[in-house]
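Following: one structure in structure tokens, then a few remarks.
Taken together, the values in this text are just the output of simple stated rules run on the coordinates, not laboratory data. Computed from a prediction, not measured in an experiment: that's the story for all the values here. Note that each Cβ is placed from the backbone with ideal geometry, even for glycine, and that neighbours are counted across all protein chains shown.
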């Protein structure tokens, strides 16, 4: 039976984030933290577990999955939905009209595609995400190119060696990538080595690399190393990263864009394109 659909209320969303921050938590601790009864916590935990967002064990609850396996696609679509929408709006605001992009796999990049559809014109988009292609393909002034390769049924991602070879043909203004985990040593990680190889090809084919990652990705473990922070140019997120990441981002020269915060000096499209042409990757 598939997980039940659930849009968490504010307390349930906060409870979910508390468990994700720690990896697991006891029912007693959650009741004390949120100043509610044990019965209320058990009810919230039961709903979140039924939706596949948490896994229960005797006396407590934990994050489903592990360092070797991501949570399911439908669960990821619901998780941190508002945060992804804010990130998507911030990215779309920065993307110039009439530029070229590669957009990879993920529910955050799909939210970005929705915003690009509404806000931008004249884009040439290469993607290995069939969901992104479907979102963008109907706009007459967009040119959408779909990478070849094996289609992963659970999320309509196109991956494999054929996909890597296809991506390597191009040189684009912006590579938009998502990620599953950003570790405190500055390592960017994901779960599927085939997906990681495609993302590596996107980084190498892009003059600017933009990473879109909501706050839950910080300090999250995953098995496969994709890159390090120094290999990206900008990080778009929905809230300020944990304190330990600030010096890492500064040392790596990564521009931090927190969705909803005023940008210091947003570059106009012409200036951006000129900059990528002169000194990009």
**OP:** Specify the inter-centroid distance of the stretch 109-124 and the stretch 168-183, based on alpha-carbon positions, in whole Å.
**Re:** 16
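Of 97, 155, how do they rank once you tally other Cβ atoms within 10 Å and put the fewest first? Please list the in-between numbers first.
Values: 97 12, 155 20.
Final ranking by Cβ density, sparse to dense: 97, 155.
Please state the shape class of the stretch 76-279: rounded when a/c is under 1.5, otherwise prolate if a/b exceeds b/c and oblate if not, all from the C-alpha gyration tensor.
Details: a/c = 1.36, a/b = 1.10, b/c = 1.24.
Judged from the Cα gyration tensor, the stretch 76-279 comes out rounded (a/c under 1.5).
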**OP:** Rank by packing, highest mean first: peptides 188-201, 237-250, with packing defined as the count of other Cβ atoms within 10 Å averaged across residues.
**Re:** 188-201, 237-250
Original post:
What percent do you get for the relative contact order of the stretch 76-279 when only Cα pairs under 8 Å and 6+ apart count?
Top reply: 20
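Relative contact order of the stretch 10-64, please, whole-number percent, based on alpha carbon pairs below 8 angstrom and at least 6 residues apart. Don't skip to the end; give the middle numbers.
On the way: 57 pairs, mean separation 22.3, N = 55.
After rounding, I find 41 percent.
Fewest first, what order do 217, 139, 84 take by the number of other Cβ atoms within 10 Å?
Details: 217 23, 139 17, 84 26.
Fewest to most other Cβ atoms nearby, the residues stand as 139, 217, 84.
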